[in-house]
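Some notes on the structure that comes next.
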Amino acid sequence: MYNDENVFAKILSGAIPCKKIYENDTVLSFYDINPKSKIHALVIPKGKYIDFHNFMNNASSDEISEFFTTVNHIATNVLKLKDFRIQTNNGSKAGQEVFHFHIHILG
Ligand code: AMP
């Protein structure tokens, strides 16, 4: 079950600050606090989804399409990356630490 106390929920509510990169009605992007590459961005949907699996099974087709289109927009147009990696960790055994679905953009 989604936990409203997770750190990304607190960033979305404004309780915790972030270094914002991009925001629209459904998506927020900000810099990772502990970067694993020169540019390390996170992209999260504003809806309450625990992980990739939960997002793909519960979000509407429009929401899924808009989310991944926005990930591409942020990587290529906002951050202006040519070469980059995108990653998501699904579940604790895969290394997921924050249980609000997010994509890592590593440039
Ligand atoms: P994951 O292991 O895939 O769940 O990734 C969680 C990511 O969130 C890690 O790379 C953390 O460094 C990052 N993180 C944790 N707290 C914050 C925060 N307050 N602001 C930005 N990034 C954070």
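What follows draws every value from the coordinates through simple rules; no lab data is involved. Since the structure is predicted, the reported quantities are computational estimates derived from the model, not experimental observations. Cβ: placed from backbone, ideal geometry, glycine included. Neighbour counts: every protein chain shown.
Of note:
- When the helices of the chain are scored as -39500 (n - 2.57) per DSSP H run of n ≥ 4 and the total is divided over every residue, the value at 222 nm lands at -7000 deg cm²/dmol.
- Neighbour net charge for His104 - beta-carbon separation under 14 angstrom, K R +1, D E -1: 0
- Bridgeable lysines around Lys36 (alpha carbons under 20 Å apart, same-chain partners fewer than 8 residues away excluded): Lys19, Lys20, Lys80, Lys82, Lys93.
- Label-zone membership for region 48-64, site Lys93, 7 angstrom Cα→C-beta point, backbone N under 18 Å: 51-54
- Between Lys46 and Val27, Leu28, the built amide H atoms are under 5 Å apart, and every one of these is 5 or more places off in sequence or on another chain.
- Phi angles across region 78-86 convert, under the Karplus curve 6.51 cos²θ - 1.76 cosθ + 1.60 with θ = phi - 60°, into 3J(HN,Hα) values of 7, 7, 6, 8, 9, 10, 7, 10, 10 Hz, Gly and Pro given as x.
- For region 78-107 and region 10-74, distance of Cα centres in Å: 10
- In a DSSP loop and with at most 14 other Cβ atoms within 10 Å, the trypsin sites (Lys or Arg not before Pro) in region 14-88 are Lys19, Lys36, Lys38, Lys80, Lys82.
- Neighbourhood charge, 15 Å Cβ-Cβ cut-off, centred on Val27 and excluding it, Lys, Arg +1 and Asp, Glu -1: -2
- The overall shape of the chain is rounded: from the C-alpha gyration tensor, with semi-axes ordered a ≥ b ≥ c, the ratio a/c is less than 1.5.
- His53, His102, His40 arranged by Cβ crowding within 10 Å, fewest neighbours leading: His53, His40, His102
- Positive minus negative residues near Thr76 (Lys, Arg vs Asp, Glu; Cβ under 14 Å): +2
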